[in-house]
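No lab work stands behind these numbers, since they all come straight from the coordinates. In this text the structure is predicted, and so the values were computed from the model without any measurement. Note: ideal-geometry Cβ built from the backbone for every residue, glycine included; neighbour counts use all protein chains shown.
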Amino acid sequence: MGTKEAGHMSTASSEGERDKPHKFPPSPLIAHSSVQKWKPPDHGLVKINCDGARFAKENKAGIGVVIRNSEGMVLGSLSKQLSQAFSPL
């Protein structure tokens, strides 16, 4: 098995090549950046956004909901922590 050091990898495929470093081309860095701006619903409609998160170590989860009209005004919201989220009923 080889060891990796600063972009080089030493391999032990044969005795003579054990100390020969093999250079690999650098991997391209790919940045994924997407900024999403909230868009209001059409006039006369409401938009309901929701999200959730889970915390397995604590056996908990949480949810959040926001309801907005076409002007962006909050009509209602909810957040709730759910205990024993991963336990059988």
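Below, the figures for the structure above:
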read-out: Förster radius 25 Å - calculated FRET efficiency between H43 and V66 (Cβ-Cβ, nearest 0.05); value: 0.85
read-out: Net charge of Cβ neighbours under 10 Å - reference W38; Lys, Arg +1; Asp, Glu -1; value: +4
read-out: Extension gain (nm, one decimal) between C50 and F86, 0.36 nm per residue minus Cα-Cα; value: 10.9 nm
read-out: Segment M73-Q36, extension gain: residue separation times 0.36 nm, minus the distance between their alpha carbons; value: 11.5 nm
read-out: Environment charge at L75 (Cβ cut-off 14 Å; Lys +1, Arg +1, Asp -1, Glu -1); value: +1
read-out: Dipole of segment 41-89, positive end: most advanced residue of N69, A56, P41 [Cβ charges, Cα centre]; value: A56
